[in-house]
Amino acid sequence: MIIPVIQATQGYQLKSQIEKREAKVGVIGLGYVGLPLSLLYVGEGFPVTGFDIDQRKIDSLTEGKSYIYRIATEEIQEARAKEFAATSEFQRLAEMDAIIICVPTPLNEHQGPDTSFIINTARAIAPHLRAGQLVILESTTYPGTTEELLVPILERENQKGLKAARHDVTSETAGEFFVAFSPEREDPGNTTVARRDIPKIVGGLDPQAAELAASLYGAIFNRVVQVSSPAAAEMTKLLENIYRCVNIALVNELKLLCLRMGLDIWEVIDAAATKPFGYQPFYPGPGLGGHCIPIDPFYLSWKAKEFDFCTRFIELAGEINVGMPYHVVASLAAALNKQKKALNGAHVMLLGVAYKKDIDDLRESPALTIIELLRKEGVTISYNDPYIPSIGKGRKYDLQMSCAPLDHLEEYDCVLIVTDHSSYDYGSIVEESQLVVDTRNATRGILSPKIVRC
Ligand SMILES: NC(=O)c1ccc[n+]([C@@H]2O[C@H](COP(=O)([O-])OP(=O)(O)OC[C@H]3O[C@@H](n4cnc5c(N)ncnc54)[C@H](O)[C@@H]3O)[C@@H](O)[C@H]2O)c1
């Protein structure tokens, strides 16, 4: 392929700016993904500007304060002392050399993709787009989003007639800006793998875009893996998350069978995990949570319909995982019943509402569904979570609760462990409680007739 001179020169200039750490990096969406990413670039010496529509986040960062538990306020202050600014003035996007989009991709009320955040972001970028810029989408989404949704908006609404550099351009129709997709693969709460050591996948709309994106990420990640297109990169992320979702559903289903057969699923998983090949352990739980695993697979199911294709594994896994909070409620009812108590009128202390241990993220947490189900059954419910001081209103819930102190556990009819935070002393919890229903095997190794593992 012949790369036109203007496009080649612009690409060369950007590459050189990246190599010299002079490229201005704009990160759109300063949440769990965008803020740590911004800090990595600041740490590597890049001038970084973060953009968000949430003025509280902008104000907090401008004051040098963090709003994410695992990011210390000192890190924000250090970044501010270097070249980091946060703003909601999107006209400043024109100053950026590379723009990375990290906005949410939730489901809509019909369980289909809600791409409104990507669309709004594309519309915010387009008027300020200029030749030579690199735009990268990081939000998890269905294959085709970058090429079919993002690029057309950028091209249609930029008013300067700028076109994206494409794989098949001829010298006359060359692009003026570069586009790539690169999925975020972070594992919140995982302290064993440094973010830098997670290989970064990159798919460019054309080889030059791929090379520029690889060069930009090469500055902060130890390994960059290029794939042939944005769609291949989009699909890679979905494969990873669907693999996880399906395997969690598998162990959740086998847990239900093991309970019926009087077997301990955790013992079985630990034994199977000793096999040095062909097996990777996944663990059962009270249901899926987080912004990724319960949501992303349905982005693919939705897209597959366009191809008359039914993604049966995804649907089945979804059905099993969605049923787990109902299993928890039924197990709690059975455990109380053994003590001649009913759900109706019981006072239950729920431990851990974050969707997984040692993090402060409540999104799609199964604890929220469990609380709603228990309230419907007439349970008075309190919760404790060292990372979540209160629960307000979210996409699918409106609970209005505050974290209760972890004391007088003997006054509750049952303590229900939903998230196994490491900071809890499970021995004392069992000792002080009348009854403990444990959905995570957090009480492993503790022998007590008060414990019901479910
Ligand atoms: N959180 C994770 O662990 C994780 C891991 C891998 C991938 N992802 C994916 O990364 C993406 C972002 O996830 P997140 O967890 O950071 O979400 P988040 O909700 O924590 O952050 C998103 C941010 O984008 C901002 N925003 C929304 N619309 C905007 C707009 N038009 N312009 C500017 N800012 C806007 C929000 O105010 C928010 O601060 C999602 O697609 C998610 O699936 C997340």
Output the number of residues of segment 39-71 satisfying the condition of being at negative phi and either open to solvent by 40 Å² or more (accessible area, probe 1.4 Å) or part of a helix (DSSP H, G or I) (or both). 20
Confirm whether Ala131 is in contact with a helix residue (DSSP H, G or I) (Cβ under 8 Å, 6 or more places away or on another chain), in a loop (DSSP other than H, G, I, E, B), over 14 Å from Gly29 (Cβ atoms) and in contact (Cβ under 8 Å) with a residue 40 or more places away in the chain. yes
Selected residue (only one of Thr121, Thr145 is buried (at least 23 other Cβ atoms within 10 Å of the Cβ), touching a residue at least 24 places away in the same chain (Cβ under 8 Å), under 24 Å from Glu176 (Cβ atoms) and near the ligand (Cβ under 9 Å from one of its atoms)): Thr121
Single match in Glu83, Glu75, Glu89 (criterion: more than 16 Å from the ligand (Cβ to nearest atom) and closer than 30 Å to Arg130 by Cα): Glu83
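Residues checked against (1) part of a loop (DSSP other than H, G, I, E, B); (2) within 23 Å of Ser365 (Cβ to Cβ):
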{"residue": "Pro284", "(1), (2)": "yes, yes"}
{"residue": "Cys310", "(1), (2)": "yes, no"}
{"residue": "Ile320", "(1), (2)": "no, yes"}
{"residue": "His327", "(1), (2)": "no, yes"}
{"residue": "Leu332", "(1), (2)": "no, yes"}
{"residue": "Met349", "(1), (2)": "no, yes"}
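Taking the stated definitions as given, is Lys305 charged (D, E, K, R), farther than 26 Å from Leu254 by Cβ and more than 16 Å from the ligand (Cβ to nearest atom)? Talk me through it step by step, then tell me what you get.
Numbers: charged (D, E, K, R): yes; farther than 26 Å from Leu254 by Cβ: yes; more than 16 Å from the ligand (Cβ to nearest atom): yes.
The answer is yes for Lys305.
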Options Gln17, Gln13; residue that is more than 16 Å from the ligand (Cβ to nearest atom) and crowded, with 16+ Cβ neighbours inside 10 Å: Gln17
Tell me whether segment 170-189 contains one or more residues that are in contact (Cβ under 8 Å) with a residue 40 or more places away in the chain, in the same structural domain as Gln17 (by TED's automatic domain parsing), part of a helix (DSSP H, G or I) and within 13 Å of the ligand (Cβ to nearest atom). no
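The values are calculated or read from the model by the stated rules, or taken from the named source; none is laboratory data. Just so you know, these numbers come straight off a predicted model, no measurement behind them. Quick reminder, even Gly has a Cβ in these numbers, built from the backbone with ideal geometry, and neighbours come from all protein chains shown. SASA here: full protein model, heavy atoms, side chains in, ligands and nucleic acids out. Shrake-Rupley method; radii C 1.70, N 1.55, O 1.52, S 1.80 Å.
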